[in-house]
Amino acid sequence: MPVTDRVLASRFVNPQRLGFICVVGVLALVVDVTAFEIFGVETLVEAAEQFVIIVVGGYLGLTLADVSWERKFGT
């Protein structure tokens, strides 16, 4: 893998970020199901759908923000 590909992959692949977002997604759904009904989840299928949306959206949003921050301000 060339150096530029490695740098690009390291910007987009971040297992710690993915793990953190998965934990946040699970906690959000547990709170939703047990108390606040924020997402309106009533079935396991709806919970899985919301979990995927939270994880994919959160990961892409944070990763794109991180990459754009590095390009604008450098590190």
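The values are calculated or read from the model by the stated rules, or taken from the named source; none is laboratory data. This one's a predicted model, so the numbers in the text were calculated from it and none came from an experiment. The area values use the complete protein model at the heavy-atom level, side chains included, leaving out ligands, DNA and RNA. Shrake-Rupley method; radii C 1.70, N 1.55, O 1.52, S 1.80 Å.
How long is the chain along each principal axis, judged by its Cα atoms, biggest number first, in Å?
Rounded to whole Å, the extents work out to 47, 26, 15 Å.
Using the Karplus curve 6.51 cos²θ - 1.76 cosθ + 1.60 with θ = phi - 60°, what ³J(HN,Hα) values do you get for each residue of segment 26-33, in whole Hz, with x for Gly and Pro?
For segment 26-33, the Karplus curve yields 5, 4, 4, 6, 5, 5, 5, 5 Hz.
Of the heavy-atom accessible surface of the chain (probe 1.4 angstrom), what whole percent is carbon and sulfur?
Values: 4000 of 5730 Å².
Its accessible area is 70 percent carbon and sulfur atoms.
Heavy-atom accessible area per residue, the chain, 1.4 Å probe: how many Å²?
About 76 Å² of surface per residue is accessible.
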